[in-house]
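Below: the structure, in structure tokens.
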Amino acid sequence: MAQGITILGIESSCDDTSAAVIRDGVLLSNVIASQSVHEEYGGVVPELASRAHQQNIVPVVATALRRAGIDKRELSAIAFTRGPGLLGSLLVGTSFAKGLSLGLRVPIVDVNHLHGHVLSHFVRREPTDRVPRFPYLCLLISGGNSQLILVKSAAEMEVLGRTIDDAAGEAFDKCAKIMGLPYPGGPQIDRLAAEGDATRFKFAKPHIAGLDYSFSGLKTSFLYTLRDAVKAEPDFVERNRADLAASLQKTIIDILLDKLAKAVDATGVTTVAIGGGVSANSGVRAAVAAFCEERGIEAFIPERTFTTDNAAMVAIAGYFKYLQGEFCPYSAAPYARVTV
Ligand code: KG4
């Protein structure tokens, strides 16, 4: 029979269908099926995403259970991403979780996708792996969010700052598009930046009071710089790709780190974590690690598997709610938008 608390996590908020099993906070399996169907459209097509989730969800969950080496009757609860995300996609995971829960007679736990990113550092590979101590500061940077969050407990999170326009991921993606790179541009910029000179070009940085972010001015400055340069030299972008990528990445990192430092000063936290798709960026990871080392702060940089959408983070966020007895009614519908 099952030992401890075993949670199945299901994630279907965007274009990754994922299922994971954790037992007492330790990861037993994490299966992610990414959808290649969107590549030719330069972005995620919601209706195609929903259909792909429908095709993927049964085999993905079955594989997660098999890899975990457990029978579905050993599950204590099923955690699912309720939002934010694409409604049609969320509906697939939500409906599947409800159906399986009814069949197995185990409770369901709804998870805010953003809480999942913030709590992903509690997913342990081994029982002895270190995890953050509360309170800690989380820099959540993804395609849809750029937030500085004071994490007081697994349930209590205070947003100290957020973007007033584009998210950091959007800045990467939009500027990459201006350079003619395929979607999503973040990983492409990361790869090119490794070979470029980050001091070569200067782009505008925002002057926003407090801890909020802004990235739309940088995008405009990048666009105008390239537009003017291409007029004088048609193959400018082609000849300067690596330096443009490195300079752009450096600017985004400077903007992120400036507010992170201010938030650390304002809160006095001794632990900093990063999460979300942009936390996969090599430059961001190195800069945050260096900043924390310089300040004598403990840093939590996620494994790259846990930076993108994954069900392990949903399972761990669900585990915390399970411990509090916070279950979800079957009437719960997915939501497209919400903050932390
Ligand atoms: O968290 P996520 O998977 O999606 C949202 O739920 O928003 O993040 C996706 C974002 C995209 O903007 C993508 O370009 C960016 O994360 N990203 C990166 C890297 N890997 C993914 N940005 C910069 N460098 C990377 N290595």
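The values are calculated or read from the model by the stated rules, or taken from the named source; none is laboratory data. Keep in mind that this is a model prediction, so the values were computed, not measured. Note: ideal-geometry Cβ built from the backbone for every residue, glycine included; neighbour counts use all protein chains shown. Please note that ligands, DNA and RNA were not included when accessible areas were found on the heavy atoms of the full protein model with its side chains. Shrake-Rupley method; radii C 1.70, N 1.55, O 1.52, S 1.80 Å.
Annotation: aspartates and glutamates with alpha-carbon distance below 12 angstrom to LYS174 (same-chain offsets under eight excluded): ASP166.
Residue pairs exceeding 32 angstrom between C-alpha atoms, taken from LYS259/LYS321; LYS98/LYS152; LYS250/LYS321; LYS98/LYS262; LYS152/LYS202: LYS250/LYS321; LYS98/LYS262; LYS152/LYS202. Comparing LEU114, VAL237, LEU260 along the charge dipole axis of the chain, the residue lying farthest to the positive side is LEU114, per the Cβ-charge model.
About its Cα centre, the dipole of the stretch 115-161 is roughly 120 debye, where the only charges are +1 on Lys and Arg Cβ and -1 on Asp and Glu Cβ. Relative contact order of the stretch 1-150, taken over Cα pairs closer than 8 Å and 6 or more residues apart, is 24 percent. Taking GLY268, GLY185, GLY83 in turn, the Gaussian network model of the chain (Cα-Cα springs below 10 Å) assigns the largest fluctuation to GLY268. Distance between the 7 Å Cα→Cβ label points at THR128 and SER36: 4.1 nm. Just how large is the dipole of the chain about the Cα centre, in debye to the nearest 20, putting +1 at every Lys and Arg Cβ and -1 at every Asp and Glu Cβ? Here the chain has a charge dipole of around 500 debye. Straightening the chain between ARG51 and GLN324 buys 94.9 nm, computed as 0.36 nm per residue apart minus the Cα-Cα spacing. Spacing of the modelled spin labels on SER216 and VAL58, each 7 Å from Cα toward Cβ, amounts to 4.5 nm.
With a 1.4 Å probe rolled over the protein heavy atoms of all chains, the accessible area of CYS175, CYS14 falls in the order CYS14, CYS175, largest first. Taking only the C-alpha atoms of the chain, the Rg (one decimal) and the largest Cα-Cα distance, Dmax (whole number), read 20.5, 72 Å.
The residue list ALA155, ALA209, PRO182 was ranked by how far each Cα lies along the charge dipole of the stretch 145-218 toward its positive end, using unit charges on Cβ atoms, and PRO182 comes out on top. Sparsely packed loop sites in the stretch 50-125 (the trypsin sites (Lys or Arg not before Pro) outside DSSP H, G, I, E and B with at most 16 other Cβ atoms within 10 Å) comprise ARG105, ARG125.
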